[in-house]
Amino acid sequence: MIQLADLTLPDRMNQHELKKYFELFPDLIFKATHQGQLIGFCCAGIDMYHTTGWLLFSNVHSEFQGKGIGKRFIEARLEALRKFERLQSVQVTVSDGNIPSIRALSAHGFRHRNTEADYYGTGKHRSIYELSLCSWDFQPRFAYPMPLVDMK
Ligand SMILES: CC(C)(COP(=O)(O)OP(=O)(O)OC[C@H]1O[C@@H](n2cnc3c(N)ncnc32)[C@H](O)[C@@H]1OP(=O)(O)O)[C@@H](O)C(=O)NCCC(=O)NCCS
């Protein structure tokens, strides 16, 4: 898995990080295979209050990119995260030049929230994209017609 990750995004994933994801979020890791060979995998996580989910990593072997696997990885992780009843939003960090990631995230309703300079160290800026799952209830407090207030 590390070899595949290094092929698609050098020096981003390491064994320590991946091991922790398996220990912490085993049900939030998905793989794609072709003829028994691993061609991609992705990981998600969730905060300790179970309100904020994170898409942590995804990669697809270059020969198989552009075939919709990246989007399926997003769907699989969102479906798994939605099982947490208190989930309010899902966030993900992306570099601004990563057009495939941004297109796939946008297609699933993620919106740019902010950009943080040096997020992963000097020069490693990242934008945070967010999918909000809150459905605010704007029902009027009072039954219609509203009680009249006499302004005299
Ligand atoms: C990001 C990544 C996982 C997307 O996987 P994928 O299987 O290629 O994604 P999809 O086929 O679902 O395509 C997603 C979108 O990106 C577009 N896309 C795919 N490859 C592209 C390319 N080389 N250039 C421009 N757009 C591209 C697709 O057209 C699609 O957009 P659309 O629906 O608007 O047409 C894959 O490109 C990858 O492994 N990149 C390197 C690792 C990485 O950057 N990971 C993300 C950060 S952790």
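With an 8 Å Cα cut-off and a minimum separation of 6 or more residues, compute the relative contact order for the chain in percent.
16 percent
What list do you get for His50, His16 if you sort them by fewest beta carbons within 10 Å?
With the fewest neighbours first, His50, His16 line up as His16, His50.
Can you tell me how the chain classifies by the Cα gyration tensor, rounded, prolate or oblate, using a/c under 1.5 as the rounded cut?
The shape class here is prolate.
Only four residue types carry charge here, +1 at the Cβ of Lys and Arg and -1 at the Cβ of Asp and Glu. Report the dipole size of region 1-81 about the Cα centre in Debye, rounded to the nearest 20.
About 160 debye.
Computed FRET efficiency, Cβ-Cβ of Asp6 and His108, R0 25 Å: what is it to the nearest 0.05?
Between Asp6 and His108 the formula returns 0.40.
Residue separation times 0.36 nm, minus the C-alpha to C-alpha distance between Lys19 and Ser62: what's the value?
13.1 nm
Can you order the peptides 57-67, 72-82, 21-31 by their average number of other Cβ atoms within 10 Å per residue, highest first?
72-82, 57-67, 21-31
Calculate for the chain the 222 nm mean residue ellipticity that helices alone would give, adding -39,500 (n - 2.57) per DSSP H run of length 4 or more and normalising by residue count, nearest 500 deg cm²/dmol.
-7500 deg cm²/dmol
What is the distance, in nm, between label points placed 7 Å from the Cα along the Cα-to-Cβ direction at Leu38 and at Gln91?
2.8 nm
The numbers here are math on the coordinates, done by the rules we state, and not lab data. Model, not experiment: these values are computed from the prediction. Don't worry about glycine lacking a Cβ; one is built from the backbone with ideal geometry, like all the others, and counts go over all protein chains shown.
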